[in-house]
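Notes to accompany the following structure.
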Amino acid sequence: VQLVESGGGLVQAGNSLRLSCAASGSTFRINAMGWYRQAPGKEREWVATIISGGGNTDYADSVRGRFTISSDNAKNTVFLQMDSLKPEDTAMYYCYAETSDWTYWGQGTQVTVSS
């Protein structure tokens with residue numbers, strides 16, 4: 001499974017960004033996909049997950065109500081719509097995909113929120 005993220009950038013606080021993560025390869029093995037983020041000097045933090053097939057979602061408390069994860073199954077792509085962005089959302093955002101025996105990671109996309 002290969003993952004390619006896009007959509008990061010620089011945005012002012014209160015504005016929105018949408019990240020995309022396109023999966024390729026053995027996508028039929030994917031059970032769930034989602035996002036983590038890592039700010040400088042901090043540990044990697046889980047952000048959101050979407051379950052394949054059923055589409056159940058879950059969010060970290062820090063982003064619940066502001067971020068929305070969704071998927072386009074036909075395109076094997078997962079999206080993270082980020083609204084009401086805050087400076088503390090500044091981080092490198094990483095897409096991941098879980099199979100029964102491995103977790104795959106994308107290369108990351110930078111999100112910077114200015115105050």
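Points worth noting:
- Scanning the stretch 102-115 for residues that are in contact (Cβ under 8 Å) with a residue 24 or more places away in the chain and in a strand (DSSP E or B) turns up Tyr104, Trp105, Thr109, Gln110, Val111, Thr112, Val113, Ser114.
- Taken as a whole, the structure leaves Ser70 outside the set of residues that are open to solvent by 30 Å² or more (accessible area, probe 1.4 Å) and in contact (Cβ under 8 Å) with a residue 24 or more places away in the chain.
- The listed residue being aliphatic (A, V, I, L, M) and in contact with a Cys (Cβ under 9 Å, 6 or more places away or on another chain), out of Ala13, Ala32, Ala23, Ala39: Ala23
- Subset of the stretch 72-115 (residues that are touching a Phe, Trp or Tyr at 6+ places or on another chain (Cβ under 7 Å) and under 13 Å from Gly34 (Cα atoms)): Leu80, Gln81, Tyr93, Tyr94, Cys95, Tyr96, Ala97, Thr103, Tyr104, Trp105, Gly106, Gly108
- Residues being open to solvent by 70 Å² or more (accessible area, probe 1.4 Å) and of a type in the set (S, T, N, Q) - total across the stretch 48-67: 1
- The stretch 82-104: number of residues that are touching a strand residue (DSSP E or B) at 6+ places or on another chain (Cβ under 8 Å) and surrounded by 15 or more Cβ atoms within 10 Å (Cβ to Cβ): 13
Here is a yes/no grid of residues against (1) assigned to a strand (DSSP E or B); (2) closer than 15 Å to Ser16 by Cβ; (3) not hydroxyl-bearing (Ser, Thr, Tyr):
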| site | (1), (2), (3) |
| --- | --- |
| Thr49 | yes, no, no |
| Gly54 | no, no, yes |
| Asp61 | no, no, yes |
| Ile69 | yes, yes, yes |
| Ala74 | no, no, yes |
| Leu80 | yes, yes, yes |
| Ser84 | no, yes, no |
| Cys95 | yes, no, yes |
| Ser100 | no, no, no |
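The values are calculated or read from the model by the stated rules, or taken from the named source; none is laboratory data. Please read all numbers here as calculations on a predicted model, not as lab measurements. Neighbour counts are summed over all protein chains in view; Cβ atoms, including those assigned to glycine, are modelled from backbone coordinates with ideal geometry. The area values use the complete protein model at the heavy-atom level, side chains included, leaving out ligands, DNA and RNA. Shrake-Rupley method; radii C 1.70, N 1.55, O 1.52, S 1.80 Å.
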